[in-house]
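The values are calculated or read from the model by the stated rules, or taken from the named source; none is laboratory data. These numbers were taken from a predicted model, which means no experiment stands behind them. So basically every Cβ, Gly included, is an ideal-geometry build from the backbone, and we count neighbours across all protein chains shown. For the accessible areas, the whole protein counts, side chains as well, though only heavy atoms, and no ligand, DNA or RNA atoms are used. Shrake-Rupley method; radii C 1.70, N 1.55, O 1.52, S 1.80 Å.
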Amino acid sequence: MVFILLTFFSFIPLLAALLLFKLKLGKVTYTLALFFFAICAWQLSITVLYGGEFLSESTIDRLFRIFRFGSVSFAPLLFYLAYDLIYFEEMNLSVKKKEIFEKLINKKTLWILCGWSGIVYGIGWTHFGIESYQKKYFPPFPEYFYYPNAGILGWSFTVHILLIMIINLVTLYLAWNIKNKHLGKFLKTFLISLIAAYLFGVFNLLPNSPLFQGVLALIILVMAVLFAYVKLNMDLMAETNDQLANQRLFLKKVIDMNPNFIYAKDNFGNYTIVNKALARLYKTEPEKMVGKNELVFYSDRMKAIKIIQEDLTLLNQLEKRFQEKDQIYDAEGNEYTIQMTKRPIFFSENHVELLCVANDITELERNQDYIRRAEKLNIVGQLAAGVAHEIRNPLTALKGFIQLIEQEHDINPGYLHIMLTELDRINFVASELMVVARPEATSKERLLLKGLIQDVVELLSVQAVMKNVIIQMEEISDKMDLLGNANQLKQVFINILKNGIEASPEEGKITIQSKILEGKRSEIKIIDNGIGISEERLRKLGEPFYTNKEKGTGLGLMVSMRIVKEHDGEIEFVSEEGKGTTVTITFPIFPTDFDDNSAQAIIQN
């Protein structure tokens with residue numbers, strides 16, 4: 001009965017070895033697992049001594065000597081564990097102490113210890129190590145066991161046990177100074193319990209001690225390992241939970257501190273994450289928005305349904321979307337302009353959420369609109385002299401003819417015709433001035449590029465004449481239609497032509513050329529023979545408030561470039577100091593074979 005129980009208990013260390021592989025403590029895992037295999041062999045060496053009822057004495061002798069490798073291998077395995085700690089783990093040791101340990105614990109010392117262990121194991125196979133066996137009984141237990149009697153070199157095994165104790169203490173010291181606190185706790189528990197097991201082993205060496213007491217050492221060791229395993233898992237779980245809680249709190253704070261609107265939605269279109277910026281928009285708290293959707297917070301139900309349907313479509317089709325300009329509405333129905341990015345996030349096969357990040361560009365749009373208006377005011381101021389001159393001449397004529405009418409009393413039809421013509425001229429100039437000064441419309445319509453440029457040339461003709469600059473406009477094709485905003489495009493050509501006039505010398509010349517490019521695009525070139533632009537200044541064109549004019553704002557070209565971009569166009573500047581500048585602008589040609597209904601549909605889309 002004792003033999004069977006001891007056999008069962010002997011294989012328990014294999015369970016501890018499997019636990020160690022599951023822990024994955026790093027390089028020391030394999031060393032500790034081998035150590036538990038050695039403990040299994042050590043217990044089997046004790047177990048076979050109780051097998052008199054099942055095994056012959058010669059078989060018991062051979063098995064005892066074979067399994068004795070378990071206790072002998074403790075020394076090199078413990079030493080290799082210390083070697084792993086010194087060279088592969090971070091230690092809280094001073095440089096001097098570490099150098100001392102590295103001199104004592106190295107591969108050369110390990111091989112010497114392996115050699116010594118081999119000698120001790122070899123001695124155990126001779127009568128010098130184990131001379132004979134003696135049958136013993138310990139009442140009240142009826143089973144007998146074989147007690148090995150040491151030979152003349154039996155002291156070598158005792159020395160080996162003392163050496164194991166010393167290595168164990170050294171390894172325990174290293175475990176106490178390891179930086180990995182979880183590995184350190186586990187090793188300290190294991191090594192301390194191993195010392196207790198050694199002490200029971202020493203008692204087993206006494207002649208009057210029953211050998212099955214070694215089972216107590218085994219139980220202590222395995223229970224300690226199991227306790228350390230459970231404690232380690234609890235510590236790791238607690239630490240992981242703390243880290244997750246801290247990370248969740250940190251991410252929550254980062255999201256809440258972000259001024260952008262950030263939220264996530266589930267497969268039902270309900271909010272799962274909401275930051276404070278979006279909650280403030282709806283005048284509520286983030287926690288109160290989770291599990292709900294826009295229907296709860298939008299005053300316009302149709303807009304809310306449209307947004308929910310769009311989000312669900314993106315989730316179902318697993319598509320991402322970036323919108324340069326979109327609208328979002330607060331609880332009172334006020335509209336905000338945003339840049340929206342939406343992207344599906346995969347958590348698992350059946351768990352996908354839609355992450356949405358919206359950048360509020362309402363103020364940016366207002367500022368850009370302000371800049372455009374400021375530039376228009378600047379243009380109006382610079383055109384004031386030309387406008388005043390243009391208006392003064394027809395007013396002089398009107399005054400003179402009115403004086404003649406007063407003298408003659410009879411109204412000559414020719415005079416009336418002249419008066420009406422000059423009044424029309426005043427009205428035209430005032431109209432063109434209002435086009436530049438009034439707030440621009442954002443709607444687009446089909447435009448004839450030829451007529452648009454002619455209007456701008458006529459508007460600036462007076463300023464050109466005042467500086468004795470000729471504006472030569474070559475023939476522009478009637479097929480150069482484009483989809484755009486007339487006010488904005490006029491502002492672009494006014495800025496460029498004005499700059500050309502101001503940069504041109506007396507009797508200068510500005511040429512306007514055009515052609516149709518491949519890919520259905522129109523090209524307009526404005527060429528002047530002015531002073532040109534240096535390479536350094538050319539690189540800075542378009543930067544706000546960069547100008548070399550005494551009364552300029554530096555906003556004109558920046559606004560012009562943005563307008564061209566908004567019309568899917570491109571603008572390029574080529575210049576050489578002393579020779580002049582060429583500005584090339586290209587726009588997509590709007591198909592002339594589209595009827596008005598088709599054009600309106602494209603504009604709306």
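Worth pointing out:
- Residue count for region 306-326 under the criterion of being within 25 Å of Glu566 (Cα to Cα) and open to solvent by 70 Å² or more (accessible area, probe 1.4 Å): the result is 5.
- Among residues of region 425-459, those that are at pLDDT 65 or above, over 26 Å from Ile526 (Cβ atoms) and surrounded by fewer than 14 Cβ atoms within 10 Å (Cβ to Cβ), counted: 1
- Residue in region 2-22 that is open to solvent by 10 Å² or more (accessible area, probe 1.4 Å), modelled with pLDDT under 70, in the same structural domain as Phe186 (by the TED database) and not in a helix (DSSP H, G or I) present: no
- Qualifying positions in region 300-342 - of a type in the set (Ser, Thr, Tyr) and over 23 Å from the mean Cα position of the chain (by Cα): Thr313, Tyr329, Tyr336, Thr337
- Qualifying residues in region 573-589 (those that are out of contact with any Asp or Glu (no Cβ under 6 Å at 6 or more places or on another chain) and part of a strand (DSSP E or B)) - the one most open to solvent (accessible area, probe 1.4 Å): Glu576
- Just one of the listed residues (Val492, Val462) is in contact with a Gly (Cβ under 7 Å, 6 or more places away or on another chain) and surrounded by 14 or more Cβ atoms within 10 Å (Cβ to Cβ), and it is Val462.
- Verdict on Lys179 being open to solvent by less than 70 Å² (accessible area, probe 1.4 Å), assigned by the TED database to the domain that holds Arg68, basic (Lys, Arg) and in contact with a strand residue (DSSP E or B) (Cβ under 9 Å, 6 or more places away or on another chain): no
- Filter result for Glu90 (within 53 Å of the chain's Cα centre (by Cα) and over 19 Å from Met165 (Cβ atoms)): yes
- Subset of region 465-485 (residues that are more than 28 Å from Leu517 (Cα to Cα) and open to solvent by 20 Å² or more (accessible area, probe 1.4 Å)): Val465, Met466, Lys467, Asn468
- All conditions but one from (1) buried (at least 16 other Cβ atoms within 10 Å of the Cβ); (2) at pLDDT 85 or above apply to Met561; the one that does not is (2).
- Members of region 162-182 found to be in contact with a helix residue (DSSP H, G or I) (Cβ under 7 Å, 6 or more places away or on another chain) and in a helix (DSSP H, G or I), listed by number: Leu163, Ile164, Met165, Ile167, Asn168, Val170, Thr171, Leu172, Leu174, Ala175, Trp176, His182
- Taking the conditions (1) at pLDDT 90 or above; (2) in a helix (DSSP H, G or I) in turn, Trp125 satisfies each one other than (2).
- Of the listed requirements (1) open to solvent by 50 Å² or more (accessible area, probe 1.4 Å); (2) modelled with pLDDT of 55 or more, Phe594 misses just one: (2).
- Looking at Glu523, Glu507, just one residue is touching a Lys or Arg at 6+ places or on another chain (Cβ under 9 Å) and either of a type in the set (Asp, Glu) or assigned to a helix (DSSP H, G or I) (or both), and that residue is Glu523.
- Matching helices (runs of 4 or more DSSP H) fully within region 50-97 where at least 3 residues are in the same structural domain as Phe145 (by the TED database) and open to solvent by 40 Å² or more (accessible area, probe 1.4 Å): 57-67, 74-88
- Only listed residue being touching a residue at least 60 places away in the same chain (Cβ under 8 Å) and hydrophobic (A, V, I, L, M, F, W, C), chosen from Ile501, Ile496, Ile527: Ile496
- Single unsatisfied condition, Gln213 versus (1) modelled with pLDDT of 85 or more; (2) touching a helix residue (DSSP H, G or I) at 6+ places or on another chain (Cβ under 7 Å); (3) surrounded by fewer than 18 Cβ atoms within 10 Å (Cβ to Cβ): (1)
- Residue within region 189-196 that is among the aliphatic types (A, V, I, L, M), open to solvent by 10 Å² or more (accessible area, probe 1.4 Å) and at pLDDT below 80 present: yes
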